[in-house]
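Notes follow the structure.
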Amino acid sequence: MTIEEKVIEVINDYVSSNGTASKMTSDQLYSLVTATYPMNRNSFLPADYCYNRTNEGIDFERHSHLFERTDDGNYLVLGEDYSYSGPVYYRRRGEKKDSIRGVWTNGLYEEGAAVVDMTTLRLNDLFDGVKNTLKLIPVTVSAEKNVVSVVFQELSVCGISVEEEVYKIFNATSDWAQKTSYHCDEAKDGTWFYYLETIDECIGEVKRLVSFEIQKSSQANHTSELSQMVSAKAFENAYTHFIEQAARNAESKKAQGSKVPYGFKERPNCDGAEFKAQYGQGTPSAAPYMNWWVVSIYYLPENGNIIMGIEEDRYPHLKEIQIKPLRYDQIGNKKVNTAVFYAAHKTYVNYGELYEKFLQVCEEVMRLGLK
């Protein structure tokens with residue numbers, strides 16, 4: 001295999017397991033590739049595999065494209081054959097400003113696009129970025145004219161307007177105006193708005209805003225006591241302790257560890273009174289997990305992946321759940337398909353996102369009941 005073929009294989013495998021939401025540094029990408037195929041550091045340069053940037057000496061149209069270079073110098077891991085939209089930038093030696101070499105439109109590349117509507121391109125980039133970062137959250141993201149809108153349960157969370165050189169977040173609530181670290185101004189209708197300079201900080205801010213509003217709504221309309229049983233910090237502590245024990249088990253080849261009180265209060269009529277830890281019987285399981293009702297959070301010691309899901313044969317209501325799974329897959333040594341709602345490598349897992357998704361899925365289960 002050539003070096004390029006090895007890089008493509010590793011990145012495509014990673015995207016297949018983890019989706020396209022991961023952002024990594026060049027060092028992290030190098031470590032990811034060399035964990036499978038050791039190679040000289042200079043043999044793999046992430047910048048050579050970008051959708052949105054190119055360098056002199058590279059046949060861009062024939063070269064493989066796997067990443068999007070972000071404004072902070074990191075890389076969004078997209079994999080091959082991604083439906084990318086946006087301009088391709090390059091900079092000649094000695095120049096201080098970027099030029100546009102061509103444009104992607106839904107995965108199709110056009111070389112040397114002479115006239116580019118930069119507002120439209122920025123809108124497309126913003127729409128793709130917001131939709132991608134919110135894909136695990138039950139919201140609707142749409143784009144019209146120069147505005148990206150985010151709606152949760154038919155209620156507008158916010159709008160993002162693409163201005164000439166900035167991004168304007170508007171329709172924010174007064175609660176969020178007091179919560180965010182950015183300066184907000186009040187509009188005539190009583191909502192709040194503010195401006196951000198870069199697309200990356202805008203996407204990150206929208207994600208925080210959406211998570212805040214959903215959590216606020218959940219607290220106001222809760223059908224369960226789960227969010228009151230355990231804080232996000234206690235949840236993270238519980239699962240990191242679980243991973244540590246599972247890793248020790250994999251090394252010792254013994255299925256040690258037992259259910260311990262992680263701070264989850266007992267609740268009657270549950271499939272297990274507390275969050276239960278399962279490590280295997282006698283020998284360590286290939287997919288140890290912690291579960292509450294039928295919702296399980298797996299840790300796969302072999303590849304380090306963390307996956308949250310529901311086994312298909314344990315829960316007949318899966319088709320009725322509003323939060324749709326990312327995919328159906330067989331986890332570890334299990335013979336049944338699991339509906340996967342969250343997946344990430346342990347190095348890159350976001351416990352805040354995992355906690356929010358866990359609450360949402362559990363509450364769906366509680367609403368529909370057990371059979």
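The values are calculated or read from the model by the stated rules, or taken from the named source; none is laboratory data. Note that the coordinates shown come from a computational prediction; the quantities given were computed from them, not determined experimentally. Here the Cβ positions follow ideal geometry from the backbone for every residue, glycine too, while neighbour counts run over all protein chains shown. The accessibility values were calculated without ligands, DNA or RNA, using every heavy atom of the protein model including side chains. Shrake-Rupley method; radii C 1.70, N 1.55, O 1.52, S 1.80 Å.
Numbers below:
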quantity: Test result for GLU364, more than 20 Å from the chain's Cα centre (by Cα) and either more than 25 Å from ALA247 (Cβ to Cβ) or assigned to a helix (DSSP H, G or I) (or both); calculated: yes
quantity: Residue list for segment 59-104, restricted to those being of a type in the set (A, V, I, L, M, F, W, C), within 16 Å of ASP125 (Cβ to Cβ) and in contact (Cβ under 8 Å) with a residue 60 or more places away in the chain; calculated: LEU78
quantity: Condition met for GLU244 (modelled with pLDDT of 75 or more and either open to solvent by 60 Å² or more (accessible area, probe 1.4 Å) or under 13 Å from LEU359 (Cβ atoms) (or both)); calculated: yes
quantity: Residues of segment 307-355 satisfying the condition of being farther than 22 Å from ASP13 by Cβ, under 20 Å from the mean Cα position of the chain (by Cα) and open to solvent by 60 Å² or more (accessible area, probe 1.4 Å); calculated: GLN322, LYS324
quantity: Wholly enclosed strands (runs of 3 or more DSSP E) of segment 107-169 bearing at least 2 residues in contact (Cβ under 8 Å) with a residue 40 or more places away in the chain and either surrounded by 12 or more Cβ atoms within 10 Å (Cβ to Cβ) or small (Gly, Ala, Ser) (or both); calculated: 147-152, 155-162
quantity: Out of GLU4, GLU9, GLU95, GLU61, sole residue that is in a helix (DSSP H, G or I), over 30 Å from TYR328 (Cβ atoms), of a type outside the set (Val, Ile, Thr) and open to solvent by 40 Å² or more (accessible area, probe 1.4 Å); calculated: GLU4
